Amino acid sequence: MTESSAQPPTAESIEAITISASAELDRLENLEAVDQWRVSYLGRRGMLTTVLRGLSSLEVEERRTVGALANQAKNTLEERLEERVRQINEATLTRSANQDRLDVTLPGRPALEGRLHPTTQIVREICSAFVAMGFGVVEGPEVEWDHYNFEMLNIPKGHPARDMWNTLWVDYEDPTGEQAMLLRTHTSPMQARVMENREPPIRVVVPGKCYRYEATDATHEWHFYQVEGLAVGEGITFADLKGTLYEFARRMFGEERQIRFRCDYFPFVEPGVDMSIDCFACEGDGNGCRICRDSGWIEIMGAGMIHPKVLEGVGYDTERYTGFAFGMGPERIAMLKYGIDDIRHFYSNDLRFLRQF
Ligand code: FA5
């Protein structure tokens, strides 16, 4: 670009300005530079504006001809300016679309609709069955003391039964040096926590997450849910345990269900049992049932009458009060109910699995 001269304008000088301004404009790549160009050619002191001002020094006849050329040049440059701005905007949009891999012409994606996780659904179903039978629902800490997870459940330090629960310990120095911290291996620590804070009669269920240092397989996760149950009062017997759990099985799995109790060992109950329901998928006739493995029975929980040592531990009069407790795994119950073949599906976050519930 050259400085405008004080010379009177001529057809040649106007043409020269138009050619050089157009060539310069074509080389500009951004809107700031284009605006500077506009100021220097078409602005109040721009080159072409100055030329137009100089028309007054021309003879009338010449002024008419050169003036018409100057106006035409102004219109041409203004049109070219508009066109260049449009080109730069388009190029910027294309560049950003390519770089960001964003196709602004695509229709928007519909918002994903969330739903309850299958574990949450089954936990709620289990709790509702017990709430309908007069139980309340309480929750407790997932990071727990050894004291509640083991000691208060009649599993002192060094007791071989501790091996039944592969424990994840928390690296924490207790200032008193007495307590070890862990991720609860079951919901049973809530038995003592609830009883310490209440007087019988007690009827509660405790849903919550548990953790075990376990190798995972189709039926074992290292984190999973349990629903604990606890009933304490005067005159509670094993018949109450059986009646309550039978009613639960009917509500969860249908009116026709049969149940079976077999002896099992848990240090905090006496007697201890495991409870099974008869297989709803087959007749136990040995035709290769995936669900009960042809036994005709499906194990769903551990249970038993609360051990007197546990009741003593929380200061209850064992001559007066008795009770029962049970603990079940909701994922395993959901697997049975919906025919899910691998517990690891629950927490692998595959929407194709989760959307089915
Ligand atoms: C217990 O944890 C006892 N606290 C249950 C209990 C409570 C017995 C009250 C008596 C009185 P067990 O380790 O068997 O028991 O676990 C209970 C249920 O938790 C199992 O039946 C199973 O459904 C579930 N469970 C246990 N380990 C896993 C695991 N690794 N992955 C998924 N579910 C599991």
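Here are a few things to note about the model shown:
- The strands (runs of 3 or more DSSP E) located wholly in the range 138-192 include none with 3 or more residues which are of a type in the set (Lys, Arg) and within 14 Å of the ligand (Cβ to nearest atom).
- For the range 303-326, taking the residues that are surrounded by fewer than 22 Cβ atoms within 10 Å (Cβ to Cβ) and small (Gly, Ala, Ser), the one that is nearest to the chain's Cα centre (by Cα) is identified as 313.
- Residue within the range 219-241 that is modelled with pLDDT under 95, in the same structural domain as residue 125 (by TED's automatic domain parsing), within 13 Å of the ligand (Cβ to nearest atom) and surrounded by fewer than 18 Cβ atoms within 10 Å (Cβ to Cβ) present: yes
- Top-ranked residue of the range 320-357 - restricted to ones that are in a strand (DSSP E or B) and among the hydroxyl-bearing types (Ser, Thr, Tyr), ranked as farthest from the ligand (Cβ to nearest atom): 321
- Verdict on residue 277 being more than 13 Å from the ligand (Cβ to nearest atom), farther than 16 Å from residue 200 by Cα and under 38 Å from the mean Cα position of the chain (by Cα): no
- Scanning the range 171-199 for residues that are modelled with pLDDT of 95 or more, β-branched (Val, Ile, Thr) and surrounded by fewer than 21 Cβ atoms within 10 Å (Cβ to Cβ) yields a total of 1.
- In the range 301-319, of all residues being β-branched (Val, Ile, Thr) and within 13 Å of the ligand (Cβ to nearest atom), the one that is nearest to residue 252 (Cα to Cα) corresponds to 306.
- Residue under evaluation residue 252, criteria (1) modelled with pLDDT of 95 or more; (2) touching a strand residue (DSSP E or B) at 6+ places or on another chain (Cβ under 9 Å); (3) within 14 Å of the ligand (Cβ to nearest atom), criterion not met: (1)
- Evaluation of residue 263 against (1) farther than 19 Å from residue 186 by Cβ; (2) within 13 Å of the ligand (Cβ to nearest atom); (3) within 35 Å of the chain's Cα centre (by Cα); (4) not basic (Lys, Arg) (one fails), failing number: (3)
- Cross-chain or 6+ apart pairs with Cβ under 6 Å, the range 265-287 first and closer than 20 Å to residue 332 by Cα and in contact (Cβ under 8 Å) with a residue 40 or more places away in the chain, then part of a loop (DSSP other than H, G, I, E, B) and away from the ligand (no atom under 16 Å from the Cβ): 281/289
- Pair list, Cβ < 9 Å and 6+ apart or interchain, from the range 145-168 residues that are among the small types (Gly, Ala, Ser) to residues that are part of a loop (DSSP other than H, G, I, E, B): 161/150; 161/154; 161/155; 161/265; 161/266; 161/267
The values are calculated or read from the model by the stated rules, or taken from the named source; none is laboratory data. What you see is a predicted model, and the numbers here were worked out from it, not measured in a lab. Ideal geometry is used to build each Cβ from the backbone, glycine not excepted, and the neighbour counts take in all protein chains shown.
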